[in-house]
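To start, the structure itself, in structure tokens.
The values are calculated or read from the model by the stated rules, or taken from the named source; none is laboratory data. Note that the structure is predicted; figures quoted are calculated from it, not measured. Note that each Cβ is placed from the backbone with ideal geometry, even for glycine, and that neighbours are counted across all protein chains shown.
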Amino acid sequence: MTDPGTGRCGWCGTDPLYVSYHDHVWGRPEYDDLALFEKLCLDGQQAGLSWLTILRKQAGYRAAYDYFDPVAIAAYDEIKIAELLANPAIVRNKLKIQSIIKNARGYLQMQEEGLSFSRFLWSFVDGQPRQNAWGNLMDVPVQTAQSRALSKALRQYNFTFVGPTIVYAFMQATGMVNDHLVQCPAHEKCRVLASI
Amino acid sequence: MAGTSNGYNPEPTLSVWLSREPEQPDWQALTRCLTPVEQARMDTLSPPRQLEYCHSRWLLRQALGHASGQGPDQCYPEAGRPVRSASPRGWALSLSHSHGVSACAVSSHASIGVDIEPSVRRSDWQRIVKRWFNETEQAWLLEADSATDFLRVWTLKEAWLKATKRGIAGNLQTLSVCPAGKLQGDDRSRLWAGGTGEVDGITLGVVYGILTRATAVQVPPVFWVDPPSLSREKALSAITPGRIQWWTTRAITTEGNHD
């Protein structure tokens, strides 16, 4: 459903941070390797929590995880993990912390193989944002054949917390699919951005 | 006592071996003795981790070779976590790696654990202490306000968990370290001793099984080994004694077993 006053996708509610995220981030095609890496890691951190919880902690995450520099993260050891587990600015879950480290190592492995993270991800939608035209939130899928394929490929590089549902949420947020409802003003904006 | 009247020393033969990763690695020399299982493992790693891996495995062979008297090329660990030797049989092993330095501790017949950290390492250690250490340790470490003391305690705890074969999660309080260096642990399955100190910019903690309760425990000697490097012409790796300044070395007490 959309908000009757603004036409926005109803899922973002009225929290200003969430509304701003909907209006300025969600669904905009993102092609930057490191921005995509950060977003994929944060989407994994969301598992079992609300996205707003992670969004509120985003600054804390950046400070705690060396601004998502994969080289720095790949070298994290037990002292650093103990430090992260004691840091209230992030989600303190050992599996989730280890997930970001594994993901950084997977990212670097792709780089060693000459694979750009962005091109790798976008290849699952043939490099072009898919334009959907949902009229109802209930119609929007939670995973697709593409998200299942991408999830499987990421696992082959030892990424974790990248199930097909998490990966689909990531594809929506980074504009690989335009899943703003057709009535939402952001739908047209994202469609135009995708054609540039 | 560590020795008996006939001169026979029943205690395990202990030693700790350190080596810095070479800037220009001699990959052939580093990898030629890897077992097929080790080689397969190495093939799954990214290049920086490959160097760390094969350098550690090379050091393990040097350590075991020199400690046992069997040539390094004939030495190798059991498959899986490298905590026991397969050739020669029966030695306990422990590996640690930090910031380009590898350590391997060996004991002729009892469990051993080692951990190293660069002595200059600065982390958010107060947060770690408050969250994970016991109240006594919190009190003295925060009062001392010394990153050096933190690293000593940390490396001892890590070495303890390796020697007693436990993970770090939830177990950091199973060894307690007092400001005077007294150590108390929770594992009563055998007698233990441990020590921590600084050697050439490295803080090193080591914990090992002992066989007899002694007033002065045996302390492992520490050696540096030059890694095979293409930038050096020497065919053989030089071994030099590490000048270690121990902060504490002593038997670890368990409840009802105070020294």
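For the stretch A:164-177, indicate whether the set of residues that are more than 26 Å from A:VAL71 (Cβ to Cβ), aromatic (Phe, Trp, Tyr) and crowded, with 20+ Cβ neighbours inside 10 Å is non-empty.
yes
Looking only at the stretch B:1-48, how many residues end up being farther than 27 Å from B:VAL199 by Cβ, surrounded by 11 or more Cβ atoms within 10 Å (Cβ to Cβ) and either modelled with pLDDT under 90 or over 23 Å from the mean Cα position of the chain (by Cα) (or both)?
Residues meeting the conditions: 9.
Conditions (1) surrounded by 21 or more Cβ atoms within 10 Å (Cβ to Cβ); (2) under 19 Å from A:TYR107 (Cα atoms); (3) touching a Lys or Arg at 6+ places or on another chain (Cβ under 6 Å), marked per residue:
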residue: A:ASP33; (1), (2), (3): no, yes, no
residue: A:PHE37; (1), (2), (3): yes, yes, no
residue: A:GLN46; (1), (2), (3): no, no, no
residue: A:THR53; (1), (2), (3): no, no, no
residue: A:ASP66; (1), (2), (3): no, yes, no
residue: A:ALA72; (1), (2), (3): no, yes, no
residue: A:LEU84; (1), (2), (3): yes, no, no
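To keep it simple, each residue is scored yes or no on (1) among the polar types (S, T, N, Q); (2) in contact (Cβ under 8 Å) with a residue 12 or more places away in the chain.
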site: A:LEU137; (1), (2): no, yes
site: A:ALA149; (1), (2): no, yes
site: A:LYS152; (1), (2): no, no
site: A:THR174; (1), (2): yes, yes
site: A:VAL182; (1), (2): no, yes
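Does any residue of the stretch A:119-129 turn out to be in contact with a Gly (Cβ under 8 Å, 6 or more places away or on another chain), away from chain B (no Cβ under 11 Å), crowded, with 19+ Cβ neighbours inside 10 Å and closer than 20 Å to B:ILE128 by Cα?
no
What are the residues in the stretch B:154-179 that are among the charged types (D, E, K, R) and either in contact (Cβ under 8 Å) with a residue 60 or more places away in the chain or away from chain A (no Cβ under 14 Å) (or both), if any?
Here is the first cut: in the stretch B:154-179, the ones among the charged types (D, E, K, R) are B:157-158, B:162, B:165-166.
B:GLU158, B:LYS162, B:LYS165, listed by residue number.
Say whether the condition of being small (Gly, Ala, Ser), within 14 Å of chain A (Cβ to nearest Cβ) and surrounded by 22 or more Cβ atoms within 10 Å (Cβ to Cβ) is met by at least one residue in the stretch B:180-194.
No, that holds for no residue.
Could you say whether any residue in the stretch B:129-136 is over 15 Å from B:THR253 (Cβ atoms) and without any contact (Cβ under 8 Å) to a residue 12 or more places away in the chain?
Yes.
Quick check on my filter: what residues within the stretch A:96-118 are of a type in the set (A, V, I, L, M) and either crowded, with 18+ Cβ neighbours inside 10 Å or touching a residue at least 12 places away in the same chain (Cβ under 8 Å) (or both)?
A:ILE97, A:ILE100, A:ILE101, A:ALA104, A:LEU108, A:MET110
Since A:HIS180 meets every condition but one in (1) in contact with a Cys (Cβ under 9 Å, 6 or more places away or on another chain); (2) within 14 Å of chain B (Cβ to nearest Cβ), which condition does it not meet?
The failed condition is (2).
Determine whether B:GLY181 is assigned to a loop (DSSP other than H, G, I, E, B) and under 16 Å from the mean Cα position of the chain (by Cα).
No.
Check every one of the helices (runs of 4 or more DSSP H) wholly within the stretch A:1-118 and list those with 1 or more residues that are closer than 25 Å to A:ARG155 by Cα, at pLDDT 95 or above and within 14 Å of chain B (Cβ to nearest Cβ).
The qualifying helices (runs of 4 or more DSSP H) are A:58-64, A:70-74, A:78-85, A:94-112.
Failed condition for A:MET138, given (1) part of a helix (DSSP H, G or I); (2) modelled with pLDDT of 95 or more; (3) away from every other protein chain (no Cβ under 12 Å), with all others met?
(2)
From the list B:THR212, B:THR155, pick out the single residue that is assigned to a loop (DSSP other than H, G, I, E, B) and of a type in the set (Ser, Thr, Tyr).
Working: B:THR155 fails: assigned to a loop (DSSP other than H, G, I, E, B).
Answer to the check: B:THR212.
Please determine, by comparing only the residues of the stretch B:92-140 that are away from chain A (no Cβ under 12 Å), surrounded by fewer than 20 Cβ atoms within 10 Å (Cβ to Cβ) and of a type in the set (Ser, Thr, Tyr), which one is farthest from B:TRP58 (Cα to Cα).
B:THR136
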